Amino acid sequence: MDAGIAALLGAAVGAVGTGAAAVTSGWLGARTAQQQIIAQHNQADRQRRFEHARDRREPRSQAYADLIAQTQKLGTLVNVMNGAETYPTDDVHKVMEETTKLLRFRARVAVEGPVNVADRTEGVIEAATDCRDALMTLGSLPGAPPELQATSRTELIELCREGVESLAESLTVFVDEAREALDDNGGTSTRSGRPEDLLYTWRHEVERPQSVDGSP
């Protein structure tokens, strides 16, 4: 092969090699840049989700804590009357008022969500209204359910006691669901204390009958 031709071929091969290397390098650079953009986008998306969860967690946790505290308050009122087996009109009216407040707190939980937590308030409300209805009948108050008016005093007192037990059990279910919802968002507590701590304190009181003045 002529030396000139060989030199030309060598130069051509070198140019092709350099061009291929440039193309490969450019493709790799573009791919790396694309991966970096995707990674940055994913990171930004995760950050947005985290901030959204953080913003939702506080009002949710407070709504849960408010419902728990109100349920405890209502249950304690009923438990005191059950312990003494006396049902003064003023005390029954107080239970009616506290039940209305509980319904408002329940509505707040329904707004804050999520749906699975809101659904767990059904048992709490049902038990609370059962207690209220039995107490209204015991107190001979207007508006007492007609189906309970023929029920004996002994049976009504037993209904009240069963209602408090059901209230405590339903609240346990709600607290478990609420805690999972907060854990899913990265939260483990509320401003008013952990849900399970609030529940433990109240259940201990519910399971221990009280006298009319609230003493053990």
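The values are calculated or read from the model by the stated rules, or taken from the named source; none is laboratory data. Everything numeric in this text was worked out from a predicted model, so none of it was measured. Glycine also receives a Cβ, built like all others from the backbone with ideal geometry; neighbour counts cover every protein chain displayed. In case anyone asks, the SASA skips ligands and DNA or RNA and just uses the protein heavy atoms, side chains included. Shrake-Rupley method; radii C 1.70, N 1.55, O 1.52, S 1.80 Å.
Some notes on this structure:
- Cross-chain or 6+ apart pairs with Cβ under 8 Å, region 103-119 first and at positive phi, then open to solvent by 20 Å² or more (accessible area, probe 1.4 Å) and part of a helix (DSSP H, G or I): Gly113/Arg60
- Qualifying residue in region 167-186 (condition: without any contact (Cβ under 8 Å) to a residue 60 or more places away in the chain, surrounded by 18 or more Cβ atoms within 10 Å (Cβ to Cβ) and part of a loop (DSSP other than H, G, I, E, B)): no
- Looking only at region 57-80, and only at residues there that are open to solvent by less than 10 Å² (accessible area, probe 1.4 Å) and not polar (S, T, N, Q), the one that is farthest from Ala181 (Cα to Cα): Val78
- Summed over region 109-162, the residues that are closer than 15 Å to Val175 by Cα, open to solvent by 20 Å² or more (accessible area, probe 1.4 Å) and not hydrophobic (A, V, I, L, M, F, W, C) give a count of 6.
- Taken as a whole, region 72-95 holds at least one residue that is in a helix (DSSP H, G or I) and under 19 Å from the mean Cα position of the chain (by Cα).
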